[in-house]
Structure formats: C-alpha cells, structure tokens
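Readers should treat all values here as calculations from the given coordinates under stated rules, not as data from a laboratory. What you are looking at is a predicted structure, and each value in this text was computed from that prediction instead of being measured. Note that we place each Cβ from the backbone using ideal geometry, even for glycine, and neighbour counts take in every protein chain shown.
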C-alpha cells in the first residue's frame, strides 16, 4: 500500500532544501515533513477517506519541538505549552509503512504529543519492551534484517533522550560497546544517518 502525500508547499527554488528533512510521526499513520523550523507537508499512510482526513489532529503540528510554532503563548489561555518530542526520522525519503506502523505503538491515544518533554530519560513499560525486543536477533533472521529493525527502534527513541545508547544498553543488558557496534553497522548499511561528527 503506497502512502498518500498531501500538503507539500511550493518552495522558492533559490532557497536551500534540506538533504535530510525531519519526518515526524504526529499520530498513527500520519507523518509531518519538516525543513528548518517549518512543517511543509503531511503524509497520510493507508486508505484515504473524508472521515479519515477529518480525524487527523492537526493541532499536534503546533507542539512539535524545534518548529517555529512550538512553545508559543496561547492567546486564549495565556499559557506557553511545553514543546513535545515525537518519533522522527532524519533522512531524504519518508519512513516506510512498516516503520510508521511499528513506531505508532509508542504514541499516546490522547494529548498533543507523546507527553515526553525534551530530555526526559524515563521509558514506560511498552517502550521498554519494544527496545528489548529490537535488540534480540530472531531465529533465522539475517544480520541485515536485524540491523534494519534495530535502526527503526533507535530512530524512534532518539528524539526523547539525550543518550539513546545508554538507555538501550541498560534495558537490553548489552554493553555500551555492543550498542555502539550495532549503531555503527546500521549506519554503514544506510539504515541510520551518519552522525554529525562523521559528516564534518
């Protein structure tokens, strides 16, 4: 099933476009495309109906950490809402339907975001189980398939923690070195973007 893309804005061709935009999962099956501080597109996965489009909680777009609208004072209440971290991918192309479906399990059913403020280190039981399962190689699973699955998990938890390697190591019982090796091999295969240190 192919994703349905909607809402891409026309851009000034003289302006630089990000080679690796942020693809932010705002609710199950809905990914926002972000360049710089601006949301400039939505991708809706699955069947598209009028009811489906009406049900999308577009207000979540105003809560994405790192965007120009996040953290603005609400004119009605005077409250400055806390920006929220959503699962995201930083890569040239959108995440696959499988990645979106897997990562959607980490989203709350209510609220503006995952309700995980920037830098919060705690992980709930469901998230912990997901991390542990993603570090265990399944029977008859190829190394490449395992690293692809590991990379999806790694990218989904990275926005909500300053040290994903430590959280993965603590929960899975792996050494820091083993986690680093998985990350390095996933990057070498193109499943994870290169680190900023590697690019410079």
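A few comments on the model shown:
- Projecting label points 7 angstrom from Cα along Cα→Cβ for residue 69 and residue 138 puts them 3.8 nm apart.
- Placing a pseudo-label 7 Å from each Cα along the Cα-to-Cβ vector at residue 126 and residue 175 gives an inter-label distance of 3.5 nm.
- Anisotropy class of the range 121-200 from Cα gyration tensor, a/c 1.5 cut: oblate
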